[in-house]
Amino acid sequence: MRALKPLSVALVALSGLALGLWAAVQWSTTQTPILHSGILLPTPRPVAPFALTRQDGVAFTEADLRGHWSLLFAGFTYCPDVCPTTLTVMKQVEQGLRDSRRALNAVFVSVDPERDTPEQLSRYVRYYSPTLTGITGPFEQLDRLCASLGIAYIKVPGTLPQNYTVDHSAVLVLVNPQGQVAAYFQPPHRVEALTADLTQMIPETL
Amino acid sequence: MRIIALLTLLSPVVQACPGLTAEDAWIREAPPGTSVMVGYAQLENTGKNPLNLDTVSSPDFGSVELHRTVIENGVSQMRRHPTVSLPPGGRAVLMPGGLHFMLFRPLRSLKAGDTARIVLYCGTQSRTFSFSVKAITP
């Protein structure tokens, strides 16, 4: 067998290296973001039609989730521990993203429409952030949205009838501008980790 | 009569729930119209005897309960927590996302900067602590 000339060997090695570099660049640019505080859905899932109402009485449907990125959290206004903590985190994340010219629509879904009247919801969301949207409505419509988002909730009796609580998923759900569930973020929610993850996913538009 | 009065003055003050302290006692300011608030504190038993805190009340709220938030399988649950047992030197940290006082029906408007009283019972004795209302981010 004839030995390869050193020049040919070098050429083959160089072209191999070049091909490897090209492949690495291609791979990294098409690579999906790696989330540190959540799970990215391999195939985003559409949010099915639903009809709820905003805190100001305006209708809110699946169409309102299109055209921008939304981060949704389910809770209730009589939840004094987990909900204020999560809403404060959401507000800070939204502000951080806005600072890097990224838009995020933060949405609080009340799964307690019996106590959370539009007035109550309005006072509540305004307290946490002027840009936070609060939505609620009949259970049948809430169930449609929650099924799409993969959110569970159940009413649990308290010591008095009016003191009942609602167990609810503590995840944050990211919906993309096509109105599809794109990612889930697990508690405990941290401002820095969430902001870093969302910065990878949301392009600069502001 | 004078002697009795003098003896009373000289006798050591008998403190209820001896050794019970509450540091960083605060109540999270709530949005207007909310009928439930939450209180946190670091409780410590600096005394020589075990303390079991099983009842909480407040002259500033309709009722108070001790609750614990648990996140199980991604679902946030709030449940009544029966007793905080503090052995001598023991501590219990009430903090967001864990143990907390559920403060139902505030009897007056409470804003950041105000204080409210919370009464902790250890058996038949009780001690009142002052909690500061704060608008605090986590």
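The values are calculated or read from the model by the stated rules, or taken from the named source; none is laboratory data. Owing to the predicted nature of the structure, the values given are computational and were not obtained by experimental measurement. Note that each Cβ is placed from the backbone with ideal geometry, even for glycine, and that neighbours are counted across all protein chains shown.
Considering only the range A:78-190, give the helices (runs of 4 or more DSSP H) lying wholly within it that have at least 3 residues that are more than 23 Å from B:Ile71 (Cβ to Cβ) and within 10 Å of chain B (Cβ to nearest Cβ).
Filter on the range A:78-190 gives A:118-128.
Residues that are among the hydroxyl-bearing types (Ser, Thr, Tyr), part of a strand (DSSP E or B) and loosely packed, with under 13 Cβ neighbours inside 10 Å: does the range A:43-52 have at least one?
yes
Could you say whether any residue in the range A:54-74 is modelled with pLDDT of 95 or more, within 14 Å of another protein chain (Cβ to nearest Cβ), assigned to a strand (DSSP E or B) and within 30 Å of B:Glu65 (Cβ to Cβ)?
Yes.
Run down B:Gln125, B:Gln42 and say which single residue is modelled with pLDDT under 95 and closer than 13 Å to B:Leu20 by Cα.
Exactly one residue qualifies, and that residue is B:Gln125.
Count, please, the residues in the range A:75-122 that happen to be without any contact (Cβ under 8 Å) to a residue 24 or more places away in the chain and either surrounded by fewer than 20 Cβ atoms within 10 Å (Cβ to Cβ) or of a type in the set (Gly, Ala, Ser) (or both).
Adding up the residues that qualify gives 5.
Looking at A:Val156 and the list (1) surrounded by fewer than 20 Cβ atoms within 10 Å (Cβ to Cβ); (2) over 23 Å from A:Thr85 (Cα atoms); (3) of a type in the set (Val, Ile, Thr), which single condition is not satisfied?
(2)
Can you tell me which of (1) under 16 Å from the mean Cα position of the chain (by Cα); (2) modelled with pLDDT under 95 is the one A:Glu119 doesn't meet?
(1)
Every residue in the range A:177-189 that is closer than 17 Å to A:Glu94 by Cβ and over 8 Å from the mean Cα position of the chain (by Cα), please. Before you say what the answer is, go through the steps one by one.
Here is the first cut: in the range A:177-189, the residues closer than 17 Å to A:Glu94 by Cβ are A:177, A:182-183, A:185, A:189.
Residues satisfying the conditions are A:Pro177, A:His189.
Mind listing just one residue for me: the one in the range B:64-113 that is of a type in the set (Val, Ile, Thr) and over 24 Å from A:Gln162 (Cβ atoms) and, of those, nearest to the other protein chains (Cβ to nearest Cβ)?
Per the criteria, the residue is B:Ile71.
Of the conditions (1) at pLDDT 95 or above; (2) at positive phi; (3) within 16 Å of the chain's Cα centre (by Cα); (4) among the small types (Gly, Ala, Ser), B:Gly89 clears all except one; give me its number.
Only one criterion in (1) at pLDDT 95 or above; (2) at positive phi; (3) within 16 Å of the chain's Cα centre (by Cα); (4) among the small types (Gly, Ala, Ser) is unmet by B:Gly89, namely (3).
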